1. Mind telling me which of the residues 40, 44, 32 ends up being under 16 Å from the mean Cα position of the chain (by Cα), within 15 Å of the ligand (Cβ to nearest atom), in a helix (DSSP H, G or I) and closer than 20 Å to residue 138 by Cα?
2. Taking residue 25 as meeting all but one of (1) surrounded by fewer than 19 Cβ atoms within 10 Å (Cβ to Cβ); (2) more than 16 Å from the ligand (Cβ to nearest atom); (3) part of a helix (DSSP H, G or I), write down the number of the exception.
3. Residues that are assigned to a helix (DSSP H, G or I) and either more than 15 Å from the ligand (Cβ to nearest atom) or within 30 Å of residue 5 (Cβ to Cβ) (or both): does region 175-190 have at least one?
4. Which of the residues that make up region 47-72 are outside any helix (DSSP H, G or I), among the small types (Gly, Ala, Ser) and more than 15 Å from the ligand (Cβ to nearest atom)?
5. I'd like the residue in region 133-167 that is among the basic types (Lys, Arg) and exposed (fewer than 12 other Cβ atoms within 10 Å of the Cβ) and, out of all such residues, is nearest to residue 96 (Cα to Cα).
6. What residue, among those in region 162-185 that are in contact with a Gly (Cβ under 9 Å, 6 or more places away or on another chain) and of a type in the set (A, V, I, L, M, F, W, C), is nearest to residue 120 (Cα to Cα)?
7. Determine if region 73-96 includes at least one residue that is crowded, with 23+ Cβ neighbours inside 10 Å and within 9 Å of the ligand (Cβ to nearest atom).
8. Which residues, counting only those in region 55-72, are of a type in the set (D, E, K, R), in contact with a strand residue (DSSP E or B) (Cβ under 9 Å, 6 or more places away or on another chain) and surrounded by fewer than 17 Cβ atoms within 10 Å (Cβ to Cβ)?
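What follows is calculated from the coordinates using simple rules that are stated; it is not laboratory data. It should be emphasised that the depicted structure is a prediction, and the values quoted were computed from it without experimental measurement. All Cβ positions, even for glycine, are placed from backbone atoms using ideal geometry, and neighbour counts span all protein chains on display.
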Amino acid sequence: MIDTIQLYSKEIEKYITELAQLRMEVFYEFPYLYEGSLEYEKKYLSRYISASDSMVVLLKDGDKVIGMSSCLPLEEEEEAFRKPFENEKIDISKVMYFGESIIKKEYRGHGLGKEFFSLRERHAKRVVQNLLFTAFCAVEREKDHPLRPMNYRALDKFWKSQGYEKNQNLKVLYPWCDRGEELESYKSLSFWLKNWS
Ligand SMILES: CC(C)(COP(=O)(O)OP(=O)(O)OC[C@H]1O[C@@H](n2cnc3c(N)ncnc32)[C@H](O)[C@@H]1OP(=O)(O)O)[C@@H](O)C(=O)NCCC(=O)NCCS
């Protein structure tokens, strides 16, 4: 039995260590290849804690956190994520930004990923007046990346099935440390949007 818990703004703080550990575990894998640190994680998650309309969906199997998904109004995101929308003259006050969707491997494929979308979209409609877009971004990796597993399935089909389309004009460069790297490098991320107008 998996419990689904919705945490809002400051309520997220209680789980910061578990969320950080889960992010580091899942994002270590392709395509994120993220060499995480608790320090980076705390900084990243702090914006969800201080945002007034953020939400994290937490999945628990007993005491164990096995999945999480986040969102906050784009206005409350950091500048790097707001900028591509502003450049395209999109009213950021009408956009809800979806952060990560992550589930431990052994719990995937049971509909929890879809539930993440429906809960975050419901929250978006509640807190964003005249909602125009819900949006998230995904890292772009070369097709022949040496660390791409042979059996890797891109999630594009899943996202399209949830009503999202990749937008060719909205991209962001964002830095993190790849596995084995000592210094951060910039990755290109593309935005995927669902139109609610
Ligand atoms: C994204 C993620 C949360 C989806 O969770 P999930 O529990 O597998 O999702 P669901 O069970 O609701 O399945 C969603 C659909 O996508 C498909 N799917 C699931 N995992 C997939 C994968 N790795 N590749 C391609 N399709 C996949 C499923 O078949 C399902 O489609 P269907 O209903 O037509 O069969 C999970 O795959 C994950 O944690 N991935 C690693 C982290 C990541 O890359 N997150 C996305 C960016 S933040």
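1. On the way: 40 fails: within 15 Å of the ligand (Cβ to nearest atom); 32 fails: in a helix (DSSP H, G or I).
It is 44.
2. (2)
3. So in region 175-190, the residues assigned to a helix (DSSP H, G or I) come out as none.
Within region 175-190, not a single residue is assigned to a helix (DSSP H, G or I) and either more than 15 Å from the ligand (Cβ to nearest atom) or within 30 Å of residue 5 (Cβ to Cβ) (or both).
4. The initial filter retains those residues of region 47-72 that are outside any helix (DSSP H, G or I), namely 51-72.
Subsequent filtering for residues that are among the small types (Gly, Ala, Ser) retains 51-52, 54, 62, 67, 69-70.
Selection gives 51, 52, 54, 62.
5. 157
6. Pass one, region 162-185, residues in contact with a Gly (Cβ under 9 Å, 6 or more places away or on another chain): 162, 176-177.
Restricting the remaining residues to those that are of a type in the set (A, V, I, L, M, F, W, C) gives 176-177.
On the way: 176: 25, 177: 28 Å.
Checking each candidate, the answer is 176.
7. Within region 73-96, not a single residue is crowded, with 23+ Cβ neighbours inside 10 Å and within 9 Å of the ligand (Cβ to nearest atom).
8. We begin by selecting, within region 55-72, every residue of a type in the set (D, E, K, R); these are 60-61, 63-64.
Right, trim to in contact with a strand residue (DSSP E or B) (Cβ under 9 Å, 6 or more places away or on another chain) and you get 60-61.
Listed by number, the list holds a single entry, 61.
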